[in-house]
Amino acid sequence: MNDIIVISDTHFGAGKNNLERESAFLDLLKEQRGKDIVLLGDIFDFWIEYKSAIYRRYFNVLCGISRFIDEGGRVYFVPGNHDFYSTEFLAEIGMEVRYRGITVEWKNKKVYMHHGDIFSRKGRFNRFFYGNPFTRFVFKMFHPNIGLQLASMVSKTSYKKPVRGKVAIPQGIRELFKDYDIVITGHTHTAGILEIGSGKYYINAGEWLFGKSYVEITEKMIAIREGRNIIASIDEHSML
């Protein structure tokens, strides 16, 4: 198994520190050459594809991802509630789009990764309302300058700083432990590891508006990192 880096809720395009976060993300891609990258949703604060227009504030990030792929890396994209609308262009630059999430094995345990919003009624409704063909058709009738401004207003990204250590299982996630041993999501912006039962764990990858946390899966352990610092982890002994 290749080492895997899981990143969620960077919300590029939002926040006063957007350029600084972009730079940190591109540096991380350079540091993690040879590993698999899983982008676990809400990488973009909003993602709307037009036939002949791309939001220019995402240009550096898209180029960095494309370069990582061209150099032999693999990037999986699991759409979040801010960037699920259309992903054809992301696939064109080499990302492997997985709407249903990703399942891998670690220490003979099943690990499932998804953004996490669809496991609540509110999340499913929002995806239906904003993502159904009629809404998308009406939205794309606007000029991109207007459409992107409207999307920015609707986005409503949370700028409230999450409290470390307050990780909780989001609504609907607990049912997944019938089929999986470890579940990794984003969405709630609170990085942490929570033991559910004997050998079962919920992991939240956190966010990049404040903390720049990410999950690293290696042969030895699964850890949440901020930069080089490990803030929480589990290893093979934890699974016994």
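Every read-out reported here was derived from the displayed coordinates using simple, explicitly stated rules and does not represent laboratory data. From a predicted model like this one, the values you see are computed outputs, not experimental measurements. Virtual Cβ from ideal backbone geometry, glycine too; neighbours counted across all protein chains shown.
An oblate overall shape is assigned to the range 41-181, the ratio a/c of its alpha-carbon gyration tensor axes (a ≥ b ≥ c) being 1.5 or greater and a/b not exceeding b/c.
Near LYS110, the amide H atoms lying under 5 Å from its own belong to ASP181, ILE182; only residues 5 or more places off or on other chains count, and H is placed 1.01 Å from N. With a cut-off of 17 Å on the backbone N, the residues of the range 37-65 near the modelled label site 7 Å out from GLN149 along Cα-Cβ are 55-57.
Mean projected area of the convex hull spanned by the Cα atoms of the range 4-239, taken over all viewing directions: 12.4 nm². Computed 3J(HN,Hα) for the range 15-30, one whole-Hz value per residue from the Karplus formula 6.51 cos²θ - 1.76 cosθ + 1.60 where θ = phi - 60°, is x, 6, 9, 4, 5, 5, 5, 4, 4, 5, 5, 5, 5, 5, 4, 5, glycine and proline marked x.
The Cα atoms of the range 135-219 cover 53, 29, 27 Å along the three principal axes, with the biggest extent listed first.
Take every Cα pair under 8 Å whose residues are at least 6 apart in sequence, average their separation, divide by the length of the range 4-239, and the relative contact order is 22 percent.
Between the helical axis of 121-131 and the longest alpha-carbon principal axis of the chain there is an angle of about 30 degrees. Ordering VAL163, VAL75, VAL6 by the number of other Cβ atoms within 10 Å of each residue's own Cβ, fewest first, gives VAL163, VAL75, VAL6.
Run through the range 166-240 and list the GluC sites (Glu not before Pro) located in a DSSP loop whose Cβ has at most 10 other Cβ atoms within 10 Å.
Filter output for the range 166-240: GLU219.
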